[in-house]
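Each remark here refers to the structure printed beneath this line.
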Amino acid sequence: MQMEFVRKMPLPQELIRDYPIEEEMKRRKTARDAEIAKILTGEDQRMLLLIGPCSADREDAVLEYMHRLADLEPQIREKLLIVPRVYTNKPRTRGTGYKGMLHQPDLRKEEDLLAGIIAIRHLHTRILRETGFSCADEMLYPSNYSYLSDLLSYVAVGARSVENQEHRLVASGLGIPVGMKNPSAGDISVMMNSIVAAQSSQEFIFRSWEVHTAGNPLAHAILRGFVDNFGRSHPNYHYESLQELLRLYRESGLQNPAVIVDANHNNSGKQYLEQIRICKDVMHSRALDGEIRNLVKGLMVESYLEDGCQKVGEGVYGRSITDPCLGWEKSRELMLRLAELV
């Protein structure tokens, strides 16, 4: 094997033991899990809003953003349930570049995965303790989920991972909602198959154990647009796309039909300001059709303290170093407007 084994990583139970959370935090997360589940099953008519930076690149700026969200939350909580995006590991199309806080917790230093796995647990813990938010993260590496299993209330399986067998099977055993994105090439049947797999009982090997799962009835769709053979972005958030997804759900017999619309990525062509218009367009589609209103359970928005993005090393506090994001003031206005439209 052409691999150097650098060091053995701590087991998840060891990290949780060394960096525990308080009982009140556990109760808060359990309560939020139940709230999110009720929205996805239709018992609660509010919408989910998954909002936050494209990547959680530095603890101080992310925490400031989360405190601002917490200050705004009382004004919109009757219509929107905020689930902050705290994405600590990032997929890279070419396998190079910034891979998230998990890999590189300090942007001034080289990658350090042991420091990274401690840093992401510390970040999620501080957010829950200081703001009451239990957050969403991307399940890029399924075996790493266990390091954060007592902290997360939502997991997304990305466009590059949704066809992967391990992601689908692990999703079937999680006790929280899992959003399955459509693949980057746009084949919706791939996403639907992943939801079927995640909602089904499974047997497989996970972290050296043979495991059995009962299936995850809260696995659901995320529409994020797609790229054609020439590298051009195409949206799939329009009324017609939602109608087609509704038809596929009817034919599938899946539990709790639901979709979160990702307003950025290929839906916006990474034109971050378009997220405002796209969110309003989706809300208009919900207003036109009761079945679509019941299907669309939430929106996903990439948002940070400052508009746009920057290169690693430029050092603008609170500006994304991956995909461009809406700045705080625009995000605040959007959240208040969405609460009016629910």
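The values are calculated or read from the model by the stated rules, or taken from the named source; none is laboratory data. Remember, it's a predicted structure, so these values are computed and weren't measured experimentally. As a convention, Cβ positions derive from the backbone with ideal geometry for all residues, glycine included, and neighbour counts pool all protein chains shown. Heavy atoms of the whole protein, side chains included, go into the accessibility calculation; ligands, DNA and RNA do not. Shrake-Rupley method; radii C 1.70, N 1.55, O 1.52, S 1.80 Å.
Some notes on this structure:
- Index of the failed condition, Phe5 passing every other in (1) part of a loop (DSSP other than H, G, I, E, B); (2) in contact (Cβ under 8 Å) with a residue 24 or more places away in the chain: (2)
- Candidates in the stretch 160-211 are the residues that are part of a strand (DSSP E or B) and acidic (Asp, Glu); of these, the one that is farthest from Met300 (Cα to Cα) is Glu210.
- Some residue of the stretch 311-322 being closer than 21 Å to Pro183 by Cβ and either of a type outside the set (Ser, Thr, Tyr) or touching a His at 6+ places or on another chain (Cβ under 8 Å) (or both): no
- Check on Leu50, in contact with a Lys or Arg (Cβ under 6 Å, 6 or more places away or on another chain) and open to solvent by less than 50 Å² (accessible area, probe 1.4 Å): yes
- Any hit, the stretch 70-88, residues being more than 19 Å from Arg28 (Cα to Cα), within 19 Å of the chain's Cα centre (by Cα) and either open to solvent by 10 Å² or more (accessible area, probe 1.4 Å) or at pLDDT below 95 (or both): no
- For the stretch 310-342, taking the residues that are more than 22 Å from Arg46 (Cα to Cα) and of a type in the set (Ser, Thr, Tyr), the one that is most open to solvent (accessible area, probe 1.4 Å) is identified as Tyr317.
- The combined condition, being over 17 Å from the mean Cα position of the chain (by Cα), more than 30 Å from Ser233 (Cβ to Cβ) and outside any loop (DSSP other than H, G, I, E, B), is not fulfilled by Arg121.
- Enumeration of residues in the stretch 165-191 that are open to solvent by 10 Å² or more (accessible area, probe 1.4 Å) and closer than 22 Å to Asn229 by Cβ: Lys181, Pro183, Ser184, Ala185, Gly186, Asp187, Ile188, Ser189, Val190
- Residue in the stretch 1-38 that is farthest from Arg126 (Cα to Cα), counting only those that are at pLDDT below 95 and of a type in the set (A, V, I, L, M, F, W, C): Met1
- Restricted to the stretch 143-161, and to residues there that are within 12 Å of the chain's Cα centre (by Cα) and not small (Gly, Ala, Ser), the residue that is surrounded by the most Cβ atoms within 10 Å (Cβ to Cβ) is Val157.
- The condition of being touching a residue at least 40 places away in the same chain (Cβ under 8 Å), within 14 Å of Ala198 (Cβ to Cβ) and not hydroxyl-bearing (Ser, Thr, Tyr) holds for only one of Ala159, Ala136, Ala171, that being Ala171.
- Candidates Asn256, Asn267: the one that is touching a residue at least 60 places away in the same chain (Cβ under 8 Å) and in contact with a helix residue (DSSP H, G or I) (Cβ under 7 Å, 6 or more places away or on another chain) is Asn256.
- Only residues that are part of a loop (DSSP other than H, G, I, E, B) and surrounded by 15 or more Cβ atoms within 10 Å (Cβ to Cβ) were counted across the stretch 222-243, and they come to 6.
- Taking the numbered list (1) more than 20 Å from Ile39 (Cβ to Cβ); (2) open to solvent by less than 70 Å² (accessible area, probe 1.4 Å) in turn, Gln271 passes all entries but (2).
- Among the residues of the stretch 244-255, the one identified as among the small types (Gly, Ala, Ser) and either part of a loop (DSSP other than H, G, I, E, B) or within 14 Å of Gly42 (Cβ to Cβ) (or both) is Gly253.
- Condition check for Thr41: within 23 Å of Met283 (Cα to Cα), hydroxyl-bearing (Ser, Thr, Tyr) and open to solvent by 40 Å² or more (accessible area, probe 1.4 Å): yes
- Which listed residue, of Ala258, Ala214, Ala219, Ala197, is of a type in the set (A, V, I, L, M, F, W, C), modelled with pLDDT of 95 or more, open to solvent by 40 Å² or more (accessible area, probe 1.4 Å) and within 21 Å of Thr41 (Cα to Cα): Ala214
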